Amino acid sequence: KNHLKLTSLDLRNNPIGPTSCQQISEYLKLPQVQLKSLKLNQGNISDAGCTYLSQALEVNESLQKLFIASNNIEEKGSISLFQALSLNKTLDTLVLDNNDISKSGIELATMISKNTAIKRLSIARCGIVGSSALCDAISKNDTLDKLNIAENKHLHPEKMLEFISTNETLSCLNLQSCSMDDRGIKTLVNSLHHNQSLTLLDISDNKITDIGGQRLLTLLSQPKCTIRSLSLRSNFQITQELRDELRQLEIMVEL
């Protein structure tokens, strides 16, 4: 019975595969289970293992944090996961980085629009394609606090980032390496004029020039701007003169 009192299980970097993942899922279905955190990063669970976990998430009421980055999860597994999370009311953290979920964008958007529990969502390097459905889902979500969509090269930030203007809960947003240029910065800045919740923004390693940098400087100089920490690292087209001006702002700026 002691195993039912376990609150955290860390199996990162162990190739447990789908079979062991099935056993973990059966454990999660037990009504007495108290597990709150499950870390399976780099576990080679694949679509099959993710499907088993999804079945458990439909009934489990204890798990709060799930880490399944780098697990060869693709369309079938991610669709099962997102469908389960559309109903789940206890998981508040999902880290799904470095899995190819490019073909399950509709299900991802549906999950974000229906889920009322997840506060931290990390889907970096997942092949996400920006869409109006995803933008609309994030804009209406009222529980997300931290969103990491870094290193998704087809995000189309010049259109996608309109969600910032209406979302009222996000405080941290990671857009590192999203192929964002000055057009994306224009959308970002225009949206931030209407946002009152975002405090930490990472737009490092993009394609921002002085044109976009000047827009940011103007925005960040305004008293009503809520951004307190900005990362602009590895935007090599921003000149030293503008970098010096950005450093004089009364916020934390990484360049």
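Read-outs: derived from the displayed coordinates by stated rules, not from any lab. Everything numeric here is computed off the predicted structure, so don't read it as measured data. Every residue, glycine as well, gets a Cβ built from its backbone with ideal geometry; the counts of neighbours run over all protein chains shown.
Among the residues of segment 74-111 satisfying the criterion of being in a helix (DSSP H, G or I) and of a type in the set (Ser, Thr, Tyr), which is farthest from Lys146 (Cα to Cα)? Walk me through it before giving the result.
To start, the set of residues in segment 74-111 that are in a helix (DSSP H, G or I) comprises 75-85, 105-111.
Of the ones still in play, those that are also of a type in the set (Ser, Thr, Tyr) are 78, 80, 110.
Numbers: Ser78: 20, Ser80: 23, Thr110: 18 Å.
Looking at the filtered set, the residue picked out is Ser80.
For Ala150, work out the one condition from (1) of a type outside the set (Ser, Thr, Tyr); (2) part of a loop (DSSP other than H, G, I, E, B); (3) in contact with a Gly (Cβ under 6 Å, 6 or more places away or on another chain) it doesn't fulfil.
Of (1) of a type outside the set (Ser, Thr, Tyr); (2) part of a loop (DSSP other than H, G, I, E, B); (3) in contact with a Gly (Cβ under 6 Å, 6 or more places away or on another chain), only one is false for Ala150: (3).
Quick check on this structure: which one of Leu96, Leu63 is within 13 Å of the chain's Cα centre (by Cα), under 26 Å from Ser171 (Cβ atoms) and among the aliphatic types (A, V, I, L, M)? Step through it out loud before you land on a result.
Numbers: Leu63 fails: within 13 Å of the chain's Cα centre (by Cα).
Just one listed residue meets the conditions, Leu96.
Could you grab me the full set of residues in segment 23-34 that are under 19 Å from Asn71 (Cα atoms) and surrounded by fewer than 18 Cβ atoms within 10 Å (Cβ to Cβ)?
Gln23, the sole residue that qualifies.
Determine whether segment 204-222 contains at least one residue that is farther than 25 Å from Ala124 by Cβ and outside any helix (DSSP H, G or I).
Yes: one or more hits.
Would you mind finding the one in Ile251, Ile208, Ile185 that is farther than 30 Å from Met111 by Cβ, touching a residue at least 12 places away in the same chain (Cβ under 8 Å) and surrounded by 16 or more Cβ atoms within 10 Å (Cβ to Cβ)?
Working: Ile251 fails: surrounded by 16 or more Cβ atoms within 10 Å (Cβ to Cβ); Ile185 fails: farther than 30 Å from Met111 by Cβ.
Only one candidate qualifies: Ile208.
Among the residues of segment 35-45, count how many are touching a helix residue (DSSP H, G or I) at 6+ places or on another chain (Cβ under 6 Å) and surrounded by fewer than 21 Cβ atoms within 10 Å (Cβ to Cβ).
Within segment 35-45, the subset touching a helix residue (DSSP H, G or I) at 6+ places or on another chain (Cβ under 6 Å) is 44-45.
Next, from what is left, pick out any that are surrounded by fewer than 21 Cβ atoms within 10 Å (Cβ to Cβ): 44.
The qualifying residues number 1.
Step by step: first the residues of segment 52-73, then only those that are assigned to a loop (DSSP other than H, G, I, E, B) and small (Gly, Ala, Ser), then the one that is farthest from Gln42 (Cα to Cα). Which residue is that? Break it down stepwise before answering.
Going residue by residue through segment 52-73, those that are assigned to a loop (DSSP other than H, G, I, E, B) are 58-64, 68-73.
Among the residues that remain, those that are also small (Gly, Ala, Ser) are: 62, 69-70.
Details: Ser62: 23, Ala69: 6, Ser70: 5 Å.
Restricting to residues being assigned to a loop (DSSP other than H, G, I, E, B) and small (Gly, Ala, Ser), the top hit is Ser62.
Tell me whether segment 22-43 contains one or more residues that are part of a helix (DSSP H, G or I), of a type in the set (D, E, K, R) and under 24 Å from the mean Cα position of the chain (by Cα). Talk me through it step by step, then tell me what you get.
Our first condition is that a residue be part of a helix (DSSP H, G or I); within segment 22-43, this holds for 22-28.
Retained after the next criterion (residues that are of a type in the set (D, E, K, R)): 26.
Now narrow it down to the ones that are under 24 Å from the mean Cα position of the chain (by Cα): none.
No - not one qualifying residue is present in segment 22-43.
Among the residues in segment 112-125, are any of a type outside the set (Ser, Thr, Tyr), buried (at least 20 other Cβ atoms within 10 Å of the Cβ), more than 15 Å from the chain's Cα centre (by Cα) and in a helix (DSSP H, G or I)?
No; the residues of segment 112-125 include none that is of a type outside the set (Ser, Thr, Tyr), buried (at least 20 other Cβ atoms within 10 Å of the Cβ), more than 15 Å from the chain's Cα centre (by Cα) and in a helix (DSSP H, G or I).
I'm trying to understand the selection: among the residues of segment 228-240, which are touching a residue at least 12 places away in the same chain (Cβ under 8 Å) and either on the phi > 0 side of the Ramachandran plot or loosely packed, with under 13 Cβ neighbours inside 10 Å (or both)?
Quick first cut of segment 228-240, residues touching a residue at least 12 places away in the same chain (Cβ under 8 Å) only: 228-235, 237-239.
The answer is Ser234, Thr239.
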